[in-house]
Every structure is written in structure tokens, then in C-alpha cells.
Amino acid sequence: MTVGWPAVPFGGHAFPYAPGTLRASGDPAAADRRVLEHYLLWKSHFVRSWSDGSCAVYAPDAAYPYVAEAQGYGMVISALMAGADPDARDVFDGILRYVLDHPSAGHPDLHAAQQDDAGRDVGGANSATDGDLDIAYGLLLADRQWGGDYLARAIRRIDAVRETGLPAAGGPIKLGDWSSGHFDEVSRTSDWMPGHFRAFRAATGDPRWGEALDAHLSLAGALQRQYAPDTGLLPDFVVDTRTDPKPAPGQVLESAHDGDHHWNACRVPWRIGVDAVVSGDARARAVAGRMGRWMRAATHGDPGRVRCGYRLDGAAYGEGAAGAFVAPFGVAAMVGGGGQEWLDALWEWMAASPPVPGRYYSASVQLQAMLVVSNNWWPP
């Protein structure tokens, strides 16, 4: 076990959320215990050690058993759980070692997005933007928690994402260091992480991250107004990003639901909502609040009625209910997305829905939403 006490221990609730942010009702200490219970199950199900001393987050329900998004989630989660888990830094450092052992073929400071059961890079060994955004953000959290050389590593990765992912002419972030041709004009809305962009601007002083922050929040609002005025839902993928951004017209990368609110965009109420929670930015509040209010009305305030997939007009086609779709609306509810009773109902649903071994994705998204709702999220 690594010796040393973190600067921001879990359960301290030291960071004040933005004025006007709702809090879940009930005892904060009881909420912390529930988050810790979920974390320990998540860790036992999905954090796997390798013989070289590294470890990685196992993703049995992903395309490959080890994917970049999972490692990013693991680094953020373990940094935030320090103080409750005495081995949190060892987990963090183990995942970091795994990430560094698998550099992208497209840029040495990015992570190869996919590995098989044996830890061999597959699928071209290129990066996935969401993974590297979370890895960099996790490194900034680790710098705040423990010091050391995490900041230098974070800045190198942030610069690499900017170099390969931010279009020179502006517009939303690209899918990875492999994006070219048609894919140069495709963006995944769940990669739109304004809170990360704020942190990157602060860490590097690079104004491009401030421009990215503004561009993504502006585009999210514009897409809601034009393509989902009644629901506020965003699609998994946006195309024609340089000229006329619009929802994907069917499959462009993953499935026929690329233009729907599907298994990528389900993270958006959390990704944009957490920025509103932390920063109070009115644009983020508006985007997250709009979709949250619609979902509360569509489900009549019952989280169990949230479906796993919606057209942008609100027509449901997916099964229900999964943590990846339900939990993000808890974050949106904190910033005007449905009110106190809806927030409390969502929290109770999350608290009563522990991680299960085969569903890494929902468990990881839900755990991070629970960290936000329990007031255990903070900016680096």
C-alpha cells in the first residue's frame, strides 16, 4: 500500500457546488456509505491486476475487454475515492502504468484504445478521445491529491489531445488521433466535457481550451433548439461539424442509432450537468436542465421508466432501465432538470441498484454520477 494521505479525501465535501445547485435529501454520511459500497463492488468486479504490477479496468460488455474509456473512468474514480480506499493510489498508479504501456500508434502521449484478453493492442492501436480526456483529467486530480509527476504527464496528454483532436478552425472535438477524411467532420457528444476543458485551460494556460469550452456549450444548445426542441436530447454522433452540424443520419460509426440518444449520448446529462454543478455556467445549466425536465415529465417522475434509447423527438425504443441512462439525469436534476422530488427519486434508484459483474459501463457511469450527487466531485 502506498503511504500518504490525500489532499481531498473522499467524504470531506470540501468543494462548494455552484449556488442554486440542489442536493439530494437525507443524511450525507449515509450517502457516502452507499457510494463507498458501490465503489468496492465496482472495484472487485472490474479492476484486474497484471503480473507486471499494473492493473486495468475490465470491460466485459465493451467491444474488447480493455478499452480506453474504462481506464479513464478508473483513474478518475480511484483519485476521487482516495481517503476511503487506502489502496486508491495503488489502483491509480497501476492503471496509469497500463496506459503508459499501451501508447497510441498515432501519438505517443495518447493511449491505444483497445486491448484483448492478453493485453495485446487490437483495432489499429489508435486513440479514443473520451479515454484520453478522462486519463488527463484523472492525472490532474492525482496531482491535487498526491503531488509527484502527475501534472507533467497530464499536460503532455492534454497537449496531445489538443494537437490531434481540436480542429484548427474550431468546431467540436474529433473522435481520436485517427480521424481523417469523412471522420474529420464527426464528433461524439459524450466527448463534450466542458468541465474537463475548464480544467485543461487552467492547467496549461492554453486559450484553445477556453475556445473549445465555448464552442461545445454553444453547439449543444443549438442542436437542442434545432433538432430536439421538445426534449433537449442530443444524439450519439454529430456530422458535418465544419459546415452544418447535425445528428448523424443513421450509422456513421457504431450502429443505426448513431443519430439517436443512445448508449453514448446517455452520458451527456452527466458530462454537461457536472460542469453546471461545479462552475454554475448558465449555458451548461440550460442544456442539462432542458433534457432533465423532459425526462422527468416523460417518466412521470419514476426513474424505473427511463428507457435505454430515445429518438430525439422523445420516442422510446430501448429497454429499461440501466444506470448509464438513469444516473446521469441525477446530475441534471441538480441544476434545474426536474426538481427536488425527481432528484431524490433518482438517488434512491441509484442507491438501490448496485454494480453487477457483467455491466461495467453502466456501473462506471452510475458510480461517477453518484460521486457528483453525493457532493464528492471536485475540480482539480
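The values are calculated or read from the model by the stated rules, or taken from the named source; none is laboratory data. Remember, predicted model here, so these are calculated numbers, not experimental data. As a convention, Cβ positions derive from the backbone with ideal geometry for all residues, glycine included, and neighbour counts pool all protein chains shown. All accessible areas refer to the heavy atoms of the entire protein, side chains included, with ligands and DNA or RNA removed. Shrake-Rupley method; radii C 1.70, N 1.55, O 1.52, S 1.80 Å.
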Placed amide H near His111: partners under 5 Å, 5+ positions off or other chain: Ser104, Ala128
Hz values of 3J(HN,Hα) by residue in the stretch 51-68 - Karplus curve (6.51, -1.76, 1.60), Gly and Pro given as x: 5, 7, x, 7, 9, 8, 8, 7, 10, x, 9, 8, 4, 10, x, 10, 10, 4
Inter-centroid distance (Cα atoms) of the stretch 94-163 relative to the stretch 63-83, Å: 11 Å
Compactness of the stretch 162-290, expressed as Rg and Dmax over alpha-carbon positions, Å: 13.7, 40
Residue-by-residue Karplus 3J(HN,Hα) for the stretch 289-300, coefficients 6.51, -1.76, 1.60, Hz, glycine and proline x: x, 4, 6, x, 5, 5, 5, 4, 5, 5, 9, 6
1.4 Å probe accessible area per residue over the stretch 259-380, in Å²: 29 Å²
Diffusion constant of the stretch 20-173 at 4 °C, which comes from Stokes-Einstein with the Kirkwood Cα-pair radius and 1.567 mPa s, µm²/s: 79 µm²/s
Label assignment, Rg and Dmax of the Cα atoms in Å derived from the structure, set [x] 18.9, 53; [y] 22.2, 66; [z] 20.2, 63: [x]
Computed [θ] at 222 nm, helices only, for the chain once each DSSP H run of length n ≥ 4 contributes -39500 (n - 2.57): -15000 deg cm²/dmol
Carbon/sulfur fraction of accessible area - the chain, other protein chains in place, 1.4 Å, %: 50 percent
Residue with peak Gaussian network fluctuation, the chain [Cα springs, cutoff 10 Å], from Ala24, Ala315, Ala113: Ala315
Mean Cβ neighbour count within 10 Å, used as a protection proxy, ranking 301-308, 288-295 highest first: 288-295, 301-308
Amide hydrogen neighbours beyond the local backbone of Lys246, cut-off 5 Å, H modeled: Val239
Placed amide H near Gly11: partners under 5 Å, 5+ positions off or other chain: none
Centroid-to-centroid separation of the stretch 222-264 and the stretch 288-314 [C-alpha atoms, Å]: 17 Å
Probe 1.4 Å - accessible area at Asp90, Å² to nearest ten: 60 Å²
GNM top mover of Glu37, Glu341, Glu319 - the chain, alpha-carbon springs below 10 Å: Glu319
Normalised alpha carbon radius of gyration of the stretch 260-370 [divisor 2.2 N^0.38 Å]: 0.95
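Per-residue counts of other Cβ atoms within 10 Å, averaged by peptide: what ranking do you get for 154-162, 49-57, highest first? It would help to have the intermediate numbers written out before the result.
On the way: 154-162: 21.3, 49-57: 16.4.
The peptides rank, most packed first, as 154-162, 49-57.
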Mean Cβ neighbour count within 10 Å, used as a protection proxy, ranking 117-130, 94-107 highest first: 94-107, 117-130
Karplus-derived 3J(HN,Hα), 6.51/-1.76/1.60, for each residue of the stretch 93-104, Hz, glycine and proline x: 5, x, 5, 4, 4, 4, 4, 5, 6, 10, x, 5
DSSP-defined antiparallel bridges as percent of all bridges, the chain, nearest 5: 95 percent
